[in-house]
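Derivation of every value follows stated rules applied to the coordinates shown; laboratory data play no part. What you see is a predicted model; the values in this text were computed from it and never measured. Positions of Cβ are generated from backbone atoms using ideal geometry, with glycine treated the same way; all protein chains shown enter the neighbour counts.
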Amino acid sequence: MDAVSDTPDTPDTPEMPESQFVLDDKTASEPQPIYRMLRENSPILRTDEGGTVISRHEDVEFALRHSELFSSDMDAISIGNVRPLIPLQINPPEHVKYRRLLDPLFAPKQVALLENDVRKLSNQLIDDFIDSGECEFNGSFAIPLPCTVFLRLLGLPLEDLDLFLEFKNNIIRPPAKDQAEFERIQAETGQRIYAYFDKVLDERERQPRDDLMSGFLEAEVDGHRLTREDILDICYLFLLAGLDTVTASVGCMVSYLASHPEQRQRLVDDPALVPGAVEELLRWETPVPGVPRVLTDGVELSGEELQSGERVTVLLGSANIDEHEFPEPDNVDFERPANRHLAFGGGVHRCLGSHLARLELRVALETLHERIPDYTIKRGEEPQYSMGIRAVEYLPLVFTPPARTS
Amino acid sequence: MKVRVDPDRCVGHGRCYALAPEVFEADDMGHCFIPGEDVPPELEEKARIGEQNCPEHAITVEE
């Protein structure tokens, strides 16, 4: 496998932030062989373009557990923000104060209240394309499902969907020729994001509603109201964390199932397997392949010395197929008895939205399998993946349309 | 059999009470709590499933 060592040297590849250099768009469709090669040959891989990639399960788990040493603060990654994002870029012990406020809002009990809404929305999206017998899945389902759920949850107008997509695309995949333009687009977009939420908060202060934005204005941490900046820093992170990740996850899962008809059929025949399938496909696909961290002190991992200040990509995707943790890691088994996958990270920064993501993914697979159970990749076409977050940006599906009854 | 959760390790993945709600429950934060440490024989398998699926290794079962 030359892909990894070749990638950083390719002359036309623009410089990208550290999370994107090991894998490129070409390898994003099937990163697992590269993960294996990294673990076996270069478990601590130093790259020119700004990061050290750690890939063994043992090291990944250690990094996630030691957030004081592997910090996710602003030095780890810049995404157009001028203050630390809350709660991700806040280090312990401050961090826990915000999680105590936010975790209950996204606990399984709370997100379960959204299930009917998510199911209805999922069915409506399918209604729009079902009669044609085909769809481009990313645009017609994977993008609108989580984005609509997000806008409703925060209480924002659905007409702002395109604006939100522009915001998050400009931050996550800025259309840039070089690093300077990359950072300029991110910074400009960041200012627009702050301004957007600032305006909404002004409106909610005048006229509170039954939504998350109004809730933040009332919320207290340690007996103090959140400041306006606190709320903006929470919303900024929500926008970046809540949209692209579920889009990528549902895309990766449906792409896998469309290319593995026997696996898809198992779920169609026995929907009770879907929750286990969601976990197993999160493990196998790991839609967020790596998370950026920066070391606050020196540490030894896999026999190598890492220095304080060193930037690290913690390769969750590789840890999730490490045979030291998962027997027969390449076997995608929806009934895997022990599945301690790290697709949502781990330690104190465990993905806040993981339970909402699980709900959306389960309901998406359930409704798709009920309505269009025989979907496959359109003949002569191939899904196209992008790297960073593994979005399946082009996913042409065909299926049998329902029989028309007059 | 006894089952215990280390509250300093639990960060609310919620795998235990999703897979074995008979043994594990969720608090308001979505973190795990165990109403009773003693697991009756018919729930031992469930307790083990929770333990084997905790990404933080926060759950321990003792025979």
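Mind checking whether some residue in the range A:338-351 is of a type in the set (G, A, S), touching a Cys at 6+ places or on another chain (Cβ under 7 Å) and at positive phi?
Yes, that holds for at least one residue.
The rows are residues; the columns are (1) of a type in the set (D, E); (2) under 30 Å from A:V288 (Cα atoms).
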residue	(1), (2)
A:K177	no, yes
A:A180	no, yes
A:A195	no, yes
A:K199	no, no
A:D202	yes, no
A:D211	yes, yes
A:L217	no, no
A:H224	no, no
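Show me the helices (runs of 4 or more DSSP H) found entirely inside the range A:44-133 where at least 2 residues are surrounded by fewer than 15 Cβ atoms within 10 Å (Cβ to Cβ) and more than 14 Å from chain B (Cβ to nearest Cβ).
In the range A:44-133, A:115-130 are the helices (runs of 4 or more DSSP H) which contain 2 or more residues that are surrounded by fewer than 15 Cβ atoms within 10 Å (Cβ to Cβ) and more than 14 Å from chain B (Cβ to nearest Cβ).
Quick one: which of A:T367, A:T296 is polar (S, T, N, Q), in contact (Cβ under 8 Å) with a residue 12 or more places away in the chain and under 19 Å from A:T247 (Cα atoms)?
A:T367
Please go through the range B:1-26 and give me each residue that is at the interface with chain A (Cβ under 9 Å from one of its Cβ atoms) and either buried (at least 19 other Cβ atoms within 10 Å of the Cβ) or in contact (Cβ under 8 Å) with a residue 40 or more places away in the chain (or both), ordered by number.
The answer is B:R9, B:V11, B:G12, B:H13, B:G14, B:R15, B:Y17, B:L19, B:A26.
Could you look through the range A:147-193, keep only residues that are over 19 Å from the mean Cα position of the chain (by Cα), in contact (Cβ under 8 Å) with a residue 12 or more places away in the chain and in a loop (DSSP other than H, G, I, E, B), and pick out the one that is farthest from A:G80 (Cα to Cα)?
Only one residue fits best here, namely A:G155.
Answer yes or no as to whether A:E262 is without any contact (Cβ under 8 Å) to a residue 60 or more places away in the chain, of a type in the set (D, E) and out of contact with any Phe, Trp or Tyr (no Cβ under 7 Å at 6 or more places or on another chain).
yes
I'm trying to understand the selection: among the residues of the range B:27-63, which are at the interface with another protein chain (Cβ under 8 Å from one of its Cβ atoms) and surrounded by fewer than 16 Cβ atoms within 10 Å (Cβ to Cβ)?
B:D28, B:H57
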